[in-house]
Amino acid sequence: MNKDWLFRVENQTCNFRSVGILIRNNKLLVQKDIKTNIYALPGGHVKISESSNISLVREFLEETGVNINCERLLFVEEGFWSSNNSKYNTIAFYYLVSLVNEDDLPDDLEIRKLNDNDNVELSWISLDKLGELNIYPRFIKNNLITIDKGIKHFISND
């Protein structure tokens with residue numbers, strides 16, 4: 001089994017993630033940590049010797065139980081933050097994705113727990129409500145209303 005593209009040196013952690021942006025009917029699929037009310041987008045660690053798009057298909061299936069297609073790369077993020085006296089550096093690729101079967105996640109989806117984490121809920125949020133959420137990364141709030149044709153690069157310091 002391949003290991004995650006993740007390593008630690010003393011109090012620093014570096015990792016490579018792949019993240020999905022699923023938009024349908026002006027709503028975004030998000031996940032929420034029920035302990036902190038922090039929102040994020042579904043995704044996970046890329047494994048060594050795995051491409052980021054294949055990783056995202058695998059992670060979506062593991063976490064949500066649904067199959068997706070990666071349509072195109074939208075954003076690349078270099079993220080830096082600190083927590084509990086540790087420093088983190090993440091490289092993340094954000095893909096626009098679509099469902100293989102639209103019925104797998106209906107528009108009236110009631111909150112659903114992630115398959116691999118009971119503390120995280122999955123739901124649809126109106127794009128109009130993004131500004132009201134505590135969502136990470138923060139650049140998501142202003143960059144999903146109109147999606148550019150190119151790839152945007154962000155450096156986040158949260």
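Applying the Karplus relation 6.51 cos²θ - 1.76 cosθ + 1.60 with θ = phi - 60° to the range 135-149 yields 3J(HN,Hα) values of 10, 10, x, 5, 5, 4, 3, 9, 10, 10, 5, 10, 9, 5, 6 Hz, where x marks Gly and Pro. Stretching the chain fully between residue 82 and residue 158 yields a gain of 26.6 nm (0.36 nm per residue, less the alpha carbon separation). Computed over the chain, the per-residue total of -39500 (n - 2.57) for DSSP H runs of n ≥ 4 gives a 222 nm mean residue ellipticity of -3000 deg cm²/dmol, rounded to 500. Note on residue 27: lysines with a C-alpha under 16 Å away, same-chain residues under 8 apart excluded, are 129, 141.
Hand me the trypsin sites (Lys or Arg not before Pro) from the range 1-69 located in a DSSP loop with no more than 15 other Cβ atoms within 10 Å, in residue order please. Filter output for the range 1-69: 3, 35. Over all pairs of different C-alpha atoms in the range 62-106, the reciprocal of the mean inverse distance, the Kirkwood hydrodynamic radius, equals 13.0 Å. Taking a Cβ cut-off of under 14 Å around residue 92, the surrounding Lys, Arg, Asp and Glu residues balance to a net charge of -2, with basic ones at +1 and acidic ones at -1.
Which of the lysines could a cross-linker span from residue 35 if the Cα-Cα distance has to be under 16 Å and same-chain partners fewer than 8 positions apart are dropped? Reachable lysines: 113.
The alpha-carbon of residue 3 sits under 24 angstrom from the alpha-carbons of these lysines, leaving out residues fewer than 8 places away in its chain: 47, 87.
Here the label points at residue 24 and residue 73, each 7 Å from Cα along the C-beta direction, are separated by 2.7 nm in the simple model.
Pair-distance distribution of the range 6-157: all C-alpha pairs, bin width 5 Å, starting at 0; shares per bin in whole percent are 2, 9, 18, 22, 23, 16, 7, 2, 1, 0.
Counting only DSSP beta bridges whose two residues both lie in the chain, roughly 65 percent are antiparallel.
No lab work stands behind these numbers, since they all come straight from the coordinates. No experiment lies behind these values; they were computed from the predicted model shown. Glycine gets a Cβ as well: all are built from the backbone with ideal geometry, and neighbour counts include every protein chain shown.
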